[in-house]
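The structure appears below as structure tokens.
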Amino acid sequence: MNRNFEHFGLGHVNPPISDSAMYEFESGVEMTEMFEVGIPGRYLYGRHLSPSNHLLAQELAKLEGTESACVMATGMGAITCAIMQICSAGDEIIASRTVYGGTYALLANLMPKFGLTTSFVNMNDLDEVKRNITPMTKVLYCETLSNPLLACPDLASLVALCKEQNIKLIVDNTFTPLIVQPHSIGADIVVHSLTKYINGMGDHLGGAVCASNDFISSLLDVNTGTSMLLGPTMDAQISASIRKNLQTLPVRMKQHSQNASAVTIALQSSGFSVVYPGIASHPDHRRFMAMADPHYGFGGVFTLDCGTREVADKLMQELVKEDVGHLAVSLGFVQTLFSMPACSTSSEIPEAERKRMGLSTGCVRFSIGVEPDSEALATKIVGIAKKIISR
Ligand SMILES: *Cc1c(COP(=O)(O)O)cnc(C)c1O
């Protein structure tokens with residue numbers, strides 16, 4: 001437990017929420033010192049750092065095994081700050097073709113306006129990655145499990161390549177907190193959308209960058225830091241709320257994985273086409289298993305191919321009617337969610353590109369919740385699938 005918080009003297013079991021946008025100093029000299037070099041344990045202004053945000057960031061650094069971390073108002077805020085801190089106009093990024101739709105749109109459409117270009121590759125094809133490296137390549141960007149196809153890149157090989165070429169490896173670990181620790185494999189920077197599993201309650205947005213002390217300090221630099229100057233600051237009330245939910249992440253993660261495993265095994269043995277890294281037929285199953293902490297399983301996300309968009313829509317409507325969950329985007333919520341990624345979260349990806357990566361329009365992505373009875377959930381979902389999808 002973290003007891004190094006000055007207000008713990010009052011006996012709170014949860015740290016008080018910092019209700020201050022700015023923090024006072026005893027003298028001009030002290031304030032100058034804070035501006036120039038910082039004073040450990042002291043705060044300046046909420047956009048720079050607040051005690052509540054600092055506390056959540058420290059917990060997230062622990063989670064990812066990094067020296068330090070910084071929280072932002074959203075996952076996209078965290079991704080943008082990390083990339084823009086490293087890159088200048090003229091630099092290049094290599095990213096996985098299957099990244100989250102928002103990240104894809106940021107890299108493909110917005111960053112080029114500022115002189116940053118991205119080559120999209122198949123991260124599982126090391127030769128293709130190598131072919132795209134130029135002297136201007138500064139960042140390699142991928143996700144531990146890609147969204148929504150759940151491909152799992154060979155992180156150890158990517159780490160070796162990046163070290164050799166002096167490229168920073170950024171890994172988005174949103175799908176697999178606790179399951180995979182990309183930094184322990186050698187990734188320089190780990191980013192998260194806290195909106196998903198880490199908060200888990202579907203009520204708040206949040207993001208984080210986990211990295212070395214030096215990198216996190218650079219994000220907060222009053223003259224050149226992206227977090228400080230772009231201002232995607234998380235509100236202290238929200239970081240306190242997310243920190244409380246983080247405490248149940250281990251039990252939630254285990255139940256998400258246990259449920260998804262039961263449901264996908266049942267669907268597959270009934271002849272349905274499912275993609276889940278926990279299933280032996282998944283092309284990256286062994287690689288994922290080698291990286292993952294077996295204690296937490298394979299995560300809560302899987303896809304089911306319904307063939308066509310019409311059947312997928314019918315299935316989702318039946319799932320809603322039968323009270324299995326919500327037809328909504330996002331993932332990592334304590335309740336089950338489902339959506340059609342080709343027409344929603346991955347719709348930013350052009351159709352030709354979607355075809356190339358194997359994303360069918362009849363694909364339904366499930367984010368299984370923490371329902372207590374895995375077998376009952378599996379039986380219910382298989383029953384609905386049998387009724388709607390012809391095999
Ligand atoms: C949702 C998501 C993001 C974006 O996070 P926000 O909190 O919505 O800004 C980034 N990466 C992945 C993998 C996501 O699922």
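The values are calculated or read from the model by the stated rules, or taken from the named source; none is laboratory data. Bear in mind that the values here come from a model prediction, so they are computed numbers and not experimental data. Glycine also receives a Cβ, built like all others from the backbone with ideal geometry; neighbour counts cover every protein chain displayed. Heads up: the accessible areas ignore ligands, DNA and RNA and are worked out on the full protein's heavy atoms, side chains in. Shrake-Rupley method; radii C 1.70, N 1.55, O 1.52, S 1.80 Å.
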Can you list the strands (runs of 3 or more DSSP E) found entirely within segment 61-137 that contain at least 2 residues being within 16 Å of the ligand (Cβ to nearest atom), of a type in the set (A, V, I, L, M) and open to solvent by less than 50 Å² (accessible area, probe 1.4 Å)? 68-72, 92-96
Select from segment 187-201 the residues that are within 9 Å of the ligand (Cβ to nearest atom) and not basic (Lys, Arg) and list them in ascending order. VAL191, HIS192, SER193, LEU194, THR195
Could you check PRO16 against (1) more than 29 Å from GLN181 (Cβ to Cβ); (2) within 16 Å of the ligand (Cβ to nearest atom) and say which number it fails? (2)
Positions within segment 36-60 being of a type in the set (A, V, I, L, M, F, W, C) and open to solvent by 30 Å² or more (accessible area, probe 1.4 Å), in sequence order: VAL37, ILE39, LEU49
Working only within segment 224-233, note down all residues that are without any contact (Cβ under 8 Å) to a residue 12 or more places away in the chain and aliphatic (A, V, I, L, M). LEU229
Here is a check on your reading of the model: is MET234 hydrophobic (A, V, I, L, M, F, W, C), surrounded by fewer than 18 Cβ atoms within 10 Å (Cβ to Cβ) and within 14 Å of the ligand (Cβ to nearest atom)? no
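Every residue, every condition in (1) in a helix (DSSP H, G or I); (2) open to solvent by 10 Å² or more (accessible area, probe 1.4 Å); (3) among the aliphatic types (A, V, I, L, M); (4) over 17 Å from ILE83 (Cα atoms), yes or no:
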| position | (1), (2), (3), (4) |
| --- | --- |
| LEU149 | no, yes, yes, yes |
| VAL171 | no, no, yes, no |
| PRO177 | no, no, no, yes |
| THR195 | no, yes, no, yes |
Kindly check whether there is at least one residue in segment 357-368 that is among the hydroxyl-bearing types (Ser, Thr, Tyr) and open to solvent by less than 30 Å² (accessible area, probe 1.4 Å). yes
Tally the residues that are closer than 18 Å to LEU337 by Cβ, open to solvent by 10 Å² or more (accessible area, probe 1.4 Å) and in contact with a helix residue (DSSP H, G or I) (Cβ under 7 Å, 6 or more places away or on another chain), restricting the search to segment 244-280. 3
Is it the case that segment 204-223 has a residue that's without any contact (Cβ under 8 Å) to a residue 60 or more places away in the chain and either within 12 Å of the ligand (Cβ to nearest atom) or within 19 Å of TYR100 (Cβ to Cβ) (or both)? yes
Quick one: LEU315 ticks every box in (1) touching a strand residue (DSSP E or B) at 6+ places or on another chain (Cβ under 8 Å); (2) within 17 Å of ILE388 (Cβ to Cβ); (3) not in a helix (DSSP H, G or I) except a single one, so which number is it? (3)
Top-ranked residue in segment 281-308 [being of a type in the set (Ser, Thr, Tyr) and within 19 Å of CYS363 (Cα to Cα); ranked as surrounded by the fewest Cβ atoms within 10 Å (Cβ to Cβ)]: SER281
